[in-house]
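A quick write-up on the structure given underneath.
The values are calculated or read from the model by the stated rules, or taken from the named source; none is laboratory data. Worth saying up front: this structure is predicted, and the values here are computed from it rather than measured. Positions of Cβ are backbone-derived with ideal geometry, glycine not excepted, and every protein chain shown enters the neighbour counts.
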Amino acid sequence: MNNLTLKLTKNLSKLRIISAYFAAVMVLISLLGLFSHGLNLGLDFTGGYLTEFSTQQSITQHKMSGLLTSYLPDSFQLSSADNGTHWSVQQADNDISLKGKTWLSEFSQQSGLTITPQDSIYIGSQVGEELINQGGLALLTAVMAILLYLSLRFEWRLAAGSVIALFHDVIIVLGFFAWFDISFDLTILASLLAIIGYSLNDSIIIGDKVREIMKRTKDKDIDSIINQAIKATVARTLITSGTTLTTILSIWIFAGESLSGFAIALFLGVLVGTFSSIAISATVPQLLGLTADYYQKKEEDVCPLP
């Protein structure tokens, strides 16, 4: 029985180490996408026109894009909903896009389609720049507060594991949006803040369990301690992640085009957050040289043996 337990412990340790290196490769791929492609900033950040209209007939997106090309010579982004009867057109903030006030009426008269205007919004580029600055400041403030909290709560190697897991989750999500050229807007920025909180929660649970086991046991094997912590928390983590993913999937399916990016970011963030809580936050402290002696000695100093 002891031999079987030892074998399982070694296998789990190898799997954690391999997963940590896999996570590092994924981060490098994500960074490559961010630097080579960049984020496809949405209208919230770039400024421009958003025009929404509906058609009586159901039309494919390819056909509608071809029809609009004659009226919108500049590049535009087209999205549809309600089986190709509700349309949203985004144009960049430049001289050509100033035609956004008149092109829809011309298109309605000459395309032969029954078109009902829904909404038309203009966002100035200065507003978009201000949103970028404020969004970046919000992310920076959240990260700084988390770093302060972790530095006070954990030994530095456990804190480092949580911080690296947090950055891993955010970079993976950003890299996904860069590689697949998905529009990045304010809802996705909000999802990043939610992902940071979710990632931190999982990492703290693992870190607390590691610290708890170190304090109550005389076991010096760090592999065994970390594996015990993972086994003690994995069921709770999977249940929490599963219920969260179900809710996000419902938003993705039923909330429509406007929240699809938000749902994609959260769905991916929860997946990689669950993965990183084991592969990174529980493994990095071991790679940095964490030993059970730190908390065991600390416990003995507080409660010295008679």
Over segment 225-243, the set of residues among the hydroxyl-bearing types (S, T, Y) and surrounded by fewer than 19 Cβ atoms within 10 Å (Cβ to Cβ) is T237, T240, S241, T243
Hits in segment 186-209 (condition: under 13 Å from the mean Cα position of the chain (by Cα) and acidic (D, E))
none
Against the definition (among the charged types (D, E, K, R) and not in a loop (DSSP other than H, G, I, E, B)), how does D223 come out, yes or no?
yes
A careful count of residues in segment 189-246 that are under 25 Å from I172 (Cα atoms), basic (K, R) and in contact with a Ser or Thr (Cβ under 7 Å, 6 or more places away or on another chain) gives 0
Residue check for D202: within 20 Å of F275 (Cβ to Cβ), in contact with a helix residue (DSSP H, G or I) (Cβ under 6 Å, 6 or more places away or on another chain) and among the charged types (D, E, K, R)
yes
Taking into account only those residues within segment 194-220 that are assigned to a helix (DSSP H, G or I) and acidic (D, E), which is farthest from T283 (Cα to Cα)?
E212
All but one of (1) more than 16 Å from P285 (Cβ to Cβ); (2) surrounded by fewer than 19 Cβ atoms within 10 Å (Cβ to Cβ) hold for W156, so report the exception by its number.
(1)
Pick from segment 191-224, criterion free of Cβ contacts under 8 Å to residues at least 60 places away in the same chain and of a type in the set (K, R), ranking: surrounded by the most Cβ atoms within 10 Å (Cβ to Cβ):
K209
Search result, residues across segment 277-294 that are among the hydroxyl-bearing types (S, T, Y) and part of a loop (DSSP other than H, G, I, E, B)
S281, T283, T291
Restricting segment 140-193 to residues that are outside any helix (DSSP H, G or I) and closer than 24 Å to V25 by Cβ, the residue that is modelled with the highest pLDDT:
F180
Being more than 23 Å from R157 (Cα to Cα) and among the aliphatic types (A, V, I, L, M): is that true of A232 here?
no
